[in-house]
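Below you'll find the structure, written out as structure tokens, and then a few comments.
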């Protein structure tokens, strides 16, 4: 290691921008959360109101609704996504099946992931339209339904669609990660199991799943952090305020609308910190439950 | 042996089915982009029609979608370049030099990588208003200079793949530190720069929330914001034009993906196994 004061010069742009565009806005947001700032007319017109915004937050039925909406959408999304991804990963790593075309399938399944969510959301908002949407037209012409279904006017349907679209966008990504994880499990584990006469289910639950645990943890954590922030999709799928009947009102959508549609900067800032706290709690719970009872976990699933 | 062949056939059948399900939305988008409004209202079809040009005219009479394209491209390229250059510079300093406060910076990094971006949204908005850079690209581009995750990734890469002796011999030959950074370190880092660059670019291209809050003038709209403008606009009366607008925002990304897919997929695998 060289000692050299020029190092400060090299990190200076990073540090300056980091402090002013990253740390400072985060602190500023916290400061707003203890004021009744509306977002207009400068901070000097706002009053310090202590923890009132946070008190309001824990009594706000809309926020709780937004929280449960977010969790429900994420939960269904994750369930579908991990089931498909794990199924695919097991098929493609199966030593007897020896499937071909992995690169092609991987690329095709991954593709929806890189498409702009705004475009995806608008596309589905018209594909799912009850009157002229292609889905209803297709189902009608195949005689699967005899009356158009108003997908985006029913809370359960709307949340399910948001979840399924999310799963559609993310299962390819999860599949690739799980493939990498399973390929990293030493082959002799399976050979030993085979010699001992273990069946498929035993091999899966006793070798694959435990060995895959660090990767599953990674998938779960990244998915829940992203899932708690879901915004573009529910916003553009319906009216941007959470229709039908508030079922697509997610936490970040609520944060956005409070701040930029209803001019409640202070309260919106409190929602941001509430969301941050929830993210930390969820990550901590995940770590705790996944690692409970385990003495030592190999890091990162490397061989 | 025969059982295995049947099993394989069944598996392939379901795989192809899954691919078809995955692509129906995109296929419907492209087909409907070529159909007129009345054709779409009448019913569904898997066959393209001939209204593509008419739809394009309807669309471009209302919004200048290529302007949105150019704006998004400009921001994404600026963000990717700044992110790569300054992250490399910072990672270089962290990997090569010993200086006061280095460990502190590192701890702050790790903590802040977990903070959701929305936490600073309100603050960034007001900061931009104070500086008078609201409704400009500055608040969208400048933060790219400070990207903890990229720095972290580059630093790990440098530590494992750059022999310090290269720098020593460079110094003996009288090369300056900045010269060595540009001529030695950047080329060594280039695979890592490409990996992170793809993800940075896609992230910026798809960014919705921040431009939505920061940008007001239609001439500065990015592509996702323009797509949002389509919703409930006069163009929405013509479904074919809406489908076309969405298709224009989607297809170029798909084409780019065809060329880069191998690269993207191997970086995702590598990232997960290291992570």
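The values are calculated or read from the model by the stated rules, or taken from the named source; none is laboratory data. Predicted, not measured: the structure shown is a model, and the values here were computed from it. Glycine gets a Cβ as well: all are built from the backbone with ideal geometry, and neighbour counts include every protein chain shown.
Structural remarks
- Residue in segment A:208-226 that is within 19 Å of the chain's Cα centre (by Cα) and more than 28 Å from residue A:102 (Cα to Cα) present: yes
- Any hit, segment B:110-122, residues being surrounded by fewer than 17 Cβ atoms within 10 Å (Cβ to Cβ), closer than 17 Å to residue B:203 by Cα and more than 11 Å from chain A (Cβ to nearest Cβ): no
- When segment B:231-245 is filtered for residues that are surrounded by 18 or more Cβ atoms within 10 Å (Cβ to Cβ) and part of a loop (DSSP other than H, G, I, E, B), the ones remaining, listed by number, are B:231, B:238.
- Complete set of residues in segment B:172-214 that are at pLDDT below 90, within 11 Å of chain A (Cβ to nearest Cβ) and not in a helix (DSSP H, G or I): B:176
- Check on residue B:134, touching a helix residue (DSSP H, G or I) at 6+ places or on another chain (Cβ under 9 Å), facing chain A (nearest Cβ under 9 Å) and either touching a residue at least 40 places away in the same chain (Cβ under 8 Å) or under 18 Å from residue B:185 (Cα atoms) (or both): no
- Index of the failed condition, residue B:243 passing every other in (1) out of contact with any helix residue (DSSP H, G or I) (no Cβ under 9 Å at 6 or more places or on another chain); (2) touching a residue at least 60 places away in the same chain (Cβ under 8 Å): (1)
- Of the residues making up segment A:126-142, those that are at the interface with another protein chain (Cβ under 7 Å from one of its Cβ atoms) and either crowded, with 20+ Cβ neighbours inside 10 Å or modelled with pLDDT of 95 or more (or both) number 4.
- Residue in segment A:170-182 that is within 23 Å of the chain's Cα centre (by Cα), within 24 Å of residue A:290 (Cα to Cα), part of a loop (DSSP other than H, G, I, E, B) and modelled with pLDDT of 90 or more present: no
- Flag if residue A:74 is at pLDDT below 95 and within 30 Å of residue A:178 (Cβ to Cβ): no
- Which listed residue is away from chain B (no Cβ under 13 Å), closer than 30 Å to residue A:265 by Cβ and either in contact with a helix residue (DSSP H, G or I) (Cβ under 9 Å, 6 or more places away or on another chain) or crowded, with 16+ Cβ neighbours inside 10 Å (or both), from A:117, A:73: A:73
- Unique match (being surrounded by fewer than 19 Cβ atoms within 10 Å (Cβ to Cβ), facing chain A (nearest Cβ under 8 Å) and under 20 Å from residue A:148 (Cα atoms)) among B:46, B:4, B:41, B:18: B:41
- Given (1) touching a strand residue (DSSP E or B) at 6+ places or on another chain (Cβ under 6 Å); (2) within 20 Å of residue A:77 (Cβ to Cβ), index of the condition residue A:266 fails: (2)
- Unmet criterion (only one of (1) within 25 Å of residue B:206 (Cα to Cα); (2) more than 9 Å from chain A (Cβ to nearest Cβ)) for residue B:23: (2)
- Residue selection: residue A:150 satisfies the criterion of being under 24 Å from residue A:118 (Cα atoms) and surrounded by fewer than 18 Cβ atoms within 10 Å (Cβ to Cβ).
- Looking across segment A:242-256, just one residue is within 20 Å of the chain's Cα centre (by Cα) and surrounded by fewer than 20 Cβ atoms within 10 Å (Cβ to Cβ), and that is A:246.
- The residue pairs whose first member lies in segment A:136-162 and is more than 21 Å from residue B:40 (Cβ to Cβ), whose second member is part of a loop (DSSP other than H, G, I, E, B), and whose beta carbons are closer than 6 Å, counting only pairs six or more residues apart or on different chains, are A:155/A:244; A:155/A:245; A:155/A:247; A:158/A:244; A:158/A:247; A:158/A:248; A:159/A:247.
- Qualifying residue in segment A:266-275 (condition: closer than 22 Å to residue A:152 by Cα, modelled with pLDDT of 95 or more and not in a loop (DSSP other than H, G, I, E, B)): no
- Any hit, segment B:71-91, residues being in a helix (DSSP H, G or I), surrounded by 22 or more Cβ atoms within 10 Å (Cβ to Cβ) and more than 23 Å from the chain's Cα centre (by Cα): no
- In segment A:37-58, the qualifying residues are those that are touching a strand residue (DSSP E or B) at 6+ places or on another chain (Cβ under 9 Å) and assigned to a loop (DSSP other than H, G, I, E, B), and the one that is nearest to residue B:84 (Cα to Cα) is A:46.
- Residue check for residue B:228: outside any helix (DSSP H, G or I) and either facing chain A (nearest Cβ under 7 Å) or surrounded by fewer than 19 Cβ atoms within 10 Å (Cβ to Cβ) (or both): no
- Residue within segment A:16-36 that is more than 30 Å from residue B:87 (Cβ to Cβ), more than 7 Å from chain B (Cβ to nearest Cβ), touching a residue at least 24 places away in the same chain (Cβ under 8 Å) and part of a loop (DSSP other than H, G, I, E, B) present: yes
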